[in-house]
Structure formats: structure tokens, C-alpha cells
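Beneath this line is the structure, given in C-alpha cells, with notes to follow.
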Amino acid sequence: MKDIITKLNKAFESRIRLAIMSVLSVNDAVSFNYLKELLEVTDGNLASHLKALENMNYITAIKQFIGRKPNTSYQITTLGRLSFQEHLNALETLIK
Amino acid sequence: MNTQQDDLKMIREMMEKSSKFLSLSGLSGVIAGVTAILGAGFAYFYLLRNPAMTNYTRMQEIMILLADASLVLIISLGVAIFLSKKKAAKTGQRLFNAMTLKVVYHFAVPLITGGLFALIFLFRGDLQIVISSTLIFYGLALVNASKFTYNEIHYLGITEILVGLLAVLLPHNNLILWTIGFGFCHIFYGTLMHFKYDRKK
């Protein structure tokens with residue numbers, strides 16, 4: 001039991017981070033605005049969680065311009081995918 | 001234990017919500033079906049049942065059929081957009097986001113191909129090919145777009161393809177088959193989707 005609990009990733013304790021990882025795990029690249037719409041959170045809140053995940057190298061930000069507007073989209077990294085999968089497995093074993 | 005269960009539920013929801021277009025309204029399918037039946041009825045009773053009744057030239061007949069079909073398409077699409085927009089607003093989403101564009105693109109490629117194909121044969125006066133090809137290409141478009149939306153769309157697409165192929169085999173009944181494909185199949189699947197997804201919420 002203790003073993004499983006330690007496998008739960010502390011980085012994903014926040015619901016918003018979990019939601020971000022869920023969305024990124026099934027989509028190629030997702031824009032900041034689409035994430036905001038899906039998660040129904042404020043700009044600042046979303047940005048700080050994205051930054052945290054980025055610092056852990058779980059996701060990467062792709063910055064580009066569409067016309068004159070800056071547009072940032074996010075992608076999951078291999079490390080992020082593995083960690084998220086591990087976290088999911090731990091959650092599932094806990095429920096059983 | 002409950003928090004883990006909630007976590008998993010939320011994860012599943014987020015994965016589905018972000019990768020599927022779920023604002024499609026079932027009711028719009030029903031209305032599209034009724035419009036198609038009215039359109040086919042008009043074409044049959046006004047023109048095709050007894051061509052001697054009216055004295056249009058061949059070209060005028062083609063133009064009337066084209067206008068009839070276009071009107072059906074415009075009304076169906078208009079109602080679908082309107083009702084889906086309402087459904088999206090109910091769940092706090094905008095109708096046009098990255099996901100919608102993906103669905104529209106995958107739907108439009110086979111549909112526009114089929115539309116142009118059918119148009120060429122309409123002007124050659126070959127109604128049989130027009131009827132079966134509109135059904136077949138529409139079915140292919142639905143199957144193609146169904147990866148990003150409800151499962152019913154996949155089965156509706158398969159049904160349209162089968163009805164279209166049947167229309168090739170039974171050229172004398174193909175206006176009836178067109179009415180079944182675009183009319184009754186839409187009403188059936190639209191009703192199904194309405195009760196399965198729209199009524200509950």
C-alpha cells in the first residue's frame with residue numbers, strides 16, 4: 001500500500017495540472033485559449049500551473065505569432081507522458 | 001478513496017471533452033431528415049412523376065432540382081449550426097474552437113468531392129448517379145468525421161453508404177432510397193442522439 005502511494009506523483013496533486021495533462025495526452029498541441037475554455041480557469045491560474053509543469057519538463061511551450069497576435073500552444077513531453085501514465089496506473093490500483 | 005475516483009472521472013472527461021466535438025445536436029438531425037423528405041417530395045410530385053405535366057426544358061429541370069437540393073442543404077446546415085451553438089452555450093463552450101475546425105475539415109473533404117462529382121453528373125442529366133453518389137460520399141464524410149464525435153455518426157455514415165450502394169443496384173427505386181437515406185435515417189439517428197445525449201442534461 002505504501003508503495004503505491006509513493007508512486008502517486010506530487011506534481012499532479014492539483015486538479016488543474018491533472019486536467020492539463022489529460023488534455024495534452026490525447027491532443028497533439030493545444031493552445032492556451034483552448035485550454036482555458038476547457039478548464040474554465042482564469043488566465044493567471046492556468047499560466048502558473050503551465051509554468052510549473054514546464055519547469056518539470058512535463059510539457060513544452062511553443063510560441064508563435066498568428067498574424068500579429070502571440071499564440072502559445074503546449075505539447076506533452078515523453079517524460080510527461082510517462083509520469084502521467086505512472087500516476088494513472090497508481091490511481092487505478094488504489095481504487096481496486 | 002473518493003478523491004482518486006473523482007480524479008479518474010475528471011481525467012476521462014477532460015480527455016473526451018478535449019478530443020471530441022460533442023456539441024452536435026440530435027434534433028438538428030431530425031429537422032434535416034424532415035427537410036430532405038419535403039425536398040424529395042417536391043422533386044417527385046412536381047417534376048419526376050410526370051415530366052409531361054410541366055413544359056420545362058431539360059436545363060430548367062436541372063436548375064430546379066439543383067435549387068431544391070441546395071435549399072435542403074442550406075436549411076439543414078443552418079438549423080444544425082443554430083442548434084449546436086445553443087447546445088454549446090448550455091455547456092459553457094463556444095461552438096467554433098480548434099476541435100470544431102478539425103471536424104468540419106474532415107467532414108468537408110469527402111463531402112465537397114462528392115458534391116462536385118454529383119454536380120457534373122447532374123448537368124449530364126444522369127440522375128441515378130447523382131442520387132447514389134450523394135448518398136455514398138455523404139456516408140464517407142460522416143464516417144471520416146465520426147472519429148471526432150459521437151459513435152452514432154459512424155453508424156449513420158455506414159448506413160448512408162449501404163443505402164447509396166443499394167441505389168446503384170436498384171436504379172428504379174433510387175428516389176425512394178434517397179428519401180430513406182437522407183430522410184428517415186437522419187430522423188432515426190437524430191432521435192436516438194437526442195434522447196441519449198441531449199435530454200439527460
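Please go through the stretch B:67-115 and give me each residue that is over 20 Å from B:His186 (Cα atoms) and either in contact with a His (Cβ under 9 Å, 6 or more places away or on another chain) or among the hydroxyl-bearing types (Ser, Thr, Tyr) (or both), ordered by number.
Those that are over 20 Å from B:His186 (Cα atoms) and either in contact with a His (Cβ under 9 Å, 6 or more places away or on another chain) or among the hydroxyl-bearing types (Ser, Thr, Tyr) (or both): B:Thr91, B:Thr100, B:Tyr105, B:Thr113.
Pairs needed: first member in the stretch B:2-19, under 15 Å from A:Leu35 (Cβ atoms) and more than 7 Å from chain A (Cβ to nearest Cβ); second member anywhere, polar (S, T, N, Q) and in a helix (DSSP H, G or I); C-beta distance under 9 Å; at least 6 residues apart or different chains.
B:Glu13/A:Ser22
Criterion first (within 14 Å of the chain's Cα centre (by Cα), closer than 24 Å to B:Phe96 by Cβ and surrounded by 15 or more Cβ atoms within 10 Å (Cβ to Cβ)) does A:Leu18 satisfy it?
Here the answer is no, as A:Leu18 does not meet what is asked.
Can you tell me which residues in the stretch A:57-89 are surrounded by 11 or more Cβ atoms within 10 Å (Cβ to Cβ), more than 12 Å from the chain's Cα centre (by Cα) and of a type in the set (D, E, K, R)?
Within the stretch A:57-89, A:Glu86 is the sole residue that qualifies.
Those residues that are modelled with pLDDT of 90 or more and facing another protein chain (nearest Cβ under 8 Å), I need them from the stretch A:4-20; list them, please.
A:Leu18, A:Ala19
Please find, within the stretch B:43-77, the residue that is nearest to the chain's Cα centre (by Cα) out of those that are small (Gly, Ala, Ser) and surrounded by 14 or more Cβ atoms within 10 Å (Cβ to Cβ).
Among them, the one singled out is B:Ser76.
Within the stretch B:18-41, how many residues are assigned to a helix (DSSP H, G or I) and in contact with a helix residue (DSSP H, G or I) (Cβ under 6 Å, 6 or more places away or on another chain)?
15
If you take the residues of the stretch B:162-177 that are free of Cβ contacts under 8 Å to residues at least 24 places away in the same chain and part of a helix (DSSP H, G or I), which of them is nearest to B:Tyr138 (Cα to Cα)?
Top of the filtered list is B:Leu162.
Quick check on B:Phe42: is it aromatic (Phe, Trp, Tyr) and more than 30 Å from B:His172 (Cβ to Cβ)?
It is false that B:Phe42 is aromatic (Phe, Trp, Tyr) and more than 30 Å from B:His172 (Cβ to Cβ).
If the requirement is being within 14 Å of another protein chain (Cβ to nearest Cβ) and in a helix (DSSP H, G or I), which of these qualifies: B:Ala145, B:Ala89?
B:Ala89
Among the residues of the stretch B:97-108, write down those that are surrounded by fewer than 18 Cβ atoms within 10 Å (Cβ to Cβ) and among the hydroxyl-bearing types (Ser, Thr, Tyr).
B:Tyr105
For the stretch B:181-201, enumerate the residues that are surrounded by fewer than 19 Cβ atoms within 10 Å (Cβ to Cβ) and part of a helix (DSSP H, G or I).
Correct list: B:Phe184, B:Ile187, B:Phe188, B:Thr191, B:Leu192, B:His194, B:Phe195, B:Lys196, B:Tyr197, B:Asp198.
Can you confirm whether B:Ile64 is over 22 Å from B:Phe188 (Cα atoms), out of contact with any strand residue (DSSP E or B) (no Cβ under 8 Å at 6 or more places or on another chain) and modelled with pLDDT of 90 or more?
yes
Among (1) without any contact (Cβ under 8 Å) to a residue 12 or more places away in the chain; (2) surrounded by fewer than 16 Cβ atoms within 10 Å (Cβ to Cβ); (3) part of a helix (DSSP H, G or I); (4) not hydrophobic (A, V, I, L, M, F, W, C), which single condition is B:Arg94 missing?
(3)
Being without any contact (Cβ under 8 Å) to a residue 24 or more places away in the chain, over 24 Å from B:Leu101 (Cα atoms) and surrounded by 14 or more Cβ atoms within 10 Å (Cβ to Cβ) narrows it down to one of A:Glu54, A:Glu92, A:Glu37, so name that one.
A:Glu54
Would you be able to say whether some residue in the stretch B:65-81 is more than 18 Å from B:Ala36 (Cα to Cα), outside any loop (DSSP other than H, G, I, E, B) and either within 14 Å of chain A (Cβ to nearest Cβ) or without any contact (Cβ under 8 Å) to a residue 12 or more places away in the chain (or both)?
Checked the stretch B:65-81: no residue is more than 18 Å from B:Ala36 (Cα to Cα), outside any loop (DSSP other than H, G, I, E, B) and either within 14 Å of chain A (Cβ to nearest Cβ) or without any contact (Cβ under 8 Å) to a residue 12 or more places away in the chain (or both).
The values are calculated or read from the model by the stated rules, or taken from the named source; none is laboratory data. As the structure is a computational prediction, the values presented were derived from the model and not from experiment. Using ideal geometry, Cβ is built from the backbone for each residue, glycine included, and neighbour counts are taken over all protein chains shown.
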